[in-house]
Every structure is written in C-alpha cells, then in structure tokens.
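Q: Could you have a look at this structure, given as structure tokens, before my questions?
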C-alpha cells in the first residue's frame, strides 16, 4: 500500500471522527471512496466502479483560496470557521500541506482544551501528513518533535 493511500485512509477516519463532533445543523462533508474494485469483479452487475478523481487547476486554486481564508480565520481565533474551510479544501485536494498543518493545529488546540486524546492523535496525524506532503515544512517537523519529546509519540 502506498504511503499517501495510508494517509488518506487515516485522514478519512479523522474526518469521520471530527464530523461526529459537528452540530446537527451542519451537513457532513462528502467522503471520496478510494477503494478500487477487486480484480475479477469488474463485470459483476453489483460491483461499483470507482472513477479516478482528477483535480483540475481550477479546483486547486479554489482549494488554495479556501486555505488562505482558513488561515485568516485561524490567526483571528476563528477555529470552527477555519476547520470547516480546511475540510472543504482537503475534500477538493487532499495534498495541500498547509491545509493539513493548520487543521492539525486546530485539532491540537481543541483537543488540548478539552483533553481529548483522539483530537490530539488526529493533530499528530495531520502534522505527519503535512510533513510527508512537504518535507521542507519546518513547522510540521517541529510540532512532531514536540510530540516525541512529550512522550506522546503515538503511532
């Protein structure tokens, strides 16, 4: 299994967990299936064909715009608004390192505030994803080092 696929599966689990914390009035974000149809079942009428998702330049620009707006909300302390924008951006294009980094910081802040171990674990996973997507992202590396130093090195 490729590393990005593993991270996408982990992100999907994080998204599902974090969606369970949402209010009843907020609709859930769509989850894009990544599981291919098993070999030999392509001609079975019940088999679902998964079409590859292509991210266009326009989609990428829209996702980056959402990340920029989310960063502004995050800087002002609007964590809930920033989280929603980042989840939308990651749904469009999951491979934006900055989106994963900021969402991880939001999970860390929220998780630390209520001592939610799951949110803190999700923060760490988002930092790992950001670092994988952009190894030169020093902030993600520093945050992961803090997890290691704190003895919170959850794998």
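Q: Taking a point 7 angstrom from the Cα of residue 56 along the C-beta vector, which residues in segment 78-118 have backbone N less than 15 Å away?
A: Only 92-93 pass the distance filter.
Q: If R₀ is 30 angstrom, what is the calculated FRET efficiency for the pair residue 150 and residue 91, using the beta carbon separation as r and rounding to 0.05? If you can, show how the numbers build up before the last one.
A: Details: r = 31 Å, r/R0 = 1.03.
So, using R0 = 30 Å, E works out to roughly 0.45.
Q: Between residue 109 and residue 64, what is the label-to-label distance in nm when each label sits 7 Å out along the Cα-to-Cβ direction?
A: Computed distance between label sites residue 109 and residue 64 equals 2.4 nm.
Q: Would you kindly state how much longer the chain becomes between residue 134 and residue 117 on full extension, computed as 0.36 nm times their sequence separation minus their alpha carbon distance, in nm to one decimal?
A: On the way: separation 17, 0.36 × 17 = 6.12 nm, distance 2.58 nm.
Using 0.36 nm per residue and subtracting the Cα-Cα distance, I get 3.5 nm.
Q: Given 10 °C and 1.306 mPa s, compute D for segment 65-155 with the Stokes-Einstein relation, Rh being the Kirkwood radius over Cα pairs; round to the nearest whole µm²/s.
A: After rounding, the answer is 123 µm²/s.
Values in this text are rule-based calculations from the coordinates and carry no lab data. Every value quoted in this text rests on a predicted model; they were computed, and no experiment measured them. Cβ sites come from the backbone with ideal geometry, for glycine too, and all protein chains shown count toward neighbours.
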